[in-house]
1. Over the chain, consider all pairs of different Cα atoms and compute the Kirkwood hydrodynamic radius from their mean reciprocal separation; express it in Å, one decimal.
2. Taking the Cβ of Tyr34 as the center, what net charge do the other residues with Cβ under 12 Å away carry, scoring Lys and Arg +1 and Asp and Glu -1?
3. Rounded to the nearest 10 degrees, what's the angle between the helix 2-16 long axis and the longest principal axis of the chain, both from Cα atoms, 0 to 90?
4. As I understand it, the value is the acute angle between the Cα axis of helix 24-37 and the longest principal axis of the Cα atoms of the chain; what does it come to in degrees, rounded to 10?
5. On a full-extension model of 0.36 nm per residue, what is the gain between Glu46 and Asp28, subtracting their alpha-carbon distance, rounded to one decimal in nm?
6. Grab the beta carbon distance between Ile6 and Thr55, set R0 = 30 Å, and tell me the FRET efficiency rounded to 0.05.
Amino acid sequence: MIVICITQKIIDLALSINPQSEGCDIVDLVYVLYMASKKTDYKKNEIVLLLEDLTNIIFQHFIPEQGHFPIF
């Protein structure tokens with residue numbers, strides 16, 4: 001099916017990206033991988049591992065005293 005083929009290419013591209021550790025790069029990457037992984041199990045383990053790493057990076061920016069992430 002064409003949709004799955006395109007989805008696999010999107011996943012391959014997203015997994016090849018080394019996002020900046022701040023700003024919207026990480027959020028955009030998480031969204032793309034999340035939406036693509038809902039359509040297929042292609043490279044599911046790699047996606048899960050990357051999302052776990054990205055979650056740790058994202059929460060390094062959380063400001064507990066203010067209850068939010070910084071807005072740039």
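FYI, it's all coordinate maths here, none of it is from the lab. Here the structure is a predicted model, which is why all the values come from computation and not from measurement. Neighbour counts run over all protein chains shown; Cβ positions are idealised from the backbone, glycine included.
1. 13.2 Å
2. +2
3. 40 degrees
4. It works out to around 30 degrees.
5. On the way: separation 18, 0.36 × 18 = 6.48 nm, distance 1.72 nm.
In short, 4.8 nm is gained.
6. 0.70
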